[in-house]
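Structure record follows, encoded as structure tokens.
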Amino acid sequence: MKKTALLVIDVQESFRHRPFWTEQDLPAYREAQQALIAGAQARGVPVINILHEAGADGPFSAVSGLVRPLDWMTHQPAATFVKHVHNALTDSGLQSWLIKHGIQKLVISGIRTEQCCETTTRVASDLGYEVDFVTEATLTFPMTHAGSGVVYSAADIRARTELVLAGRFAAIVTVEEALRRMAD
């Protein structure tokens, strides 16, 4: 069995202060994220919080006071890392922690599906980690294509992320499958 860690990426107050924030998918996401965290902790799998800090001002800046977990995130993580780029591995200190703890497999969850979660998945795969991507425990928001004006729903974006990651960078799994695979 490969030693596993659960990454909870950017589940932070900063997002609630962005113009695209919507709570449409939040209840289902919150339920999935909390079930994944509780299940990982029950199996002795370390839960790692990742926070994103960027810029001198705005909701992702250190001085904003918003670079902290969303209020409903009450678990005690094994460790917390702050990143300044889209992936959680290259500038946060996480990679060293994973090596020190013998982690070989990562389970990816958090906010935004197609941005920091997907980017972390790609980098983790390139670094040799086995990766489970738990789409239902990721959250994203509708986006409008700047060139065409086409609006892509959160469901469209999640489906696209699954398409490009599956079989190349990660296994796409449900919360239930991720928890079962933690014990394999």
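Observations, loosely collected:
- From the options Phe60, Phe15, Phe20, residue that is closer than 24 Å to Ile157 by Cβ and assigned to a helix (DSSP H, G or I): Phe15
- Per the listing Thr121, Thr174, the residue uniquely closer than 27 Å to Ser14 by Cβ, of a type in the set (S, T, N, Q) and at pLDDT 95 or above is Thr121.
- Checking each residue in segment 150-180 for being farther than 19 Å from Ala5 by Cβ and of a type in the set (Gly, Ala, Ser) picks out Ser153, Ala154, Ala155, Ala159, Ala166, Gly167.
- Flag if Gln34 is in contact with a strand residue (DSSP E or B) (Cβ under 7 Å, 6 or more places away or on another chain), open to solvent by 30 Å² or more (accessible area, probe 1.4 Å) and not in a loop (DSSP other than H, G, I, E, B): no
- Subset of segment 40-56 that is surrounded by fewer than 20 Cβ atoms within 10 Å (Cβ to Cβ) and modelled with pLDDT of 95 or more - its residue that is nearest to Val107 (Cα to Cα): Pro46
- The residues in segment 47-57 that are assigned to a loop (DSSP other than H, G, I, E, B) and either among the hydroxyl-bearing types (Ser, Thr, Tyr) or out of contact with any Phe, Trp or Tyr (no Cβ under 9 Å at 6 or more places or on another chain) (or both) can be counted, and the count is 3.
The values are calculated or read from the model by the stated rules, or taken from the named source; none is laboratory data. Quantities reported herein were computed from a predicted structural model and do not represent experimental measurements. Heads up, the Cβs are rebuilt from the backbone with ideal geometry, glycines too, and the neighbour counts pull from every protein chain shown. Quick note on the areas: whole protein, heavy atoms, side chains included, nothing else; ligands and nucleic acids left out. Shrake-Rupley method; radii C 1.70, N 1.55, O 1.52, S 1.80 Å.
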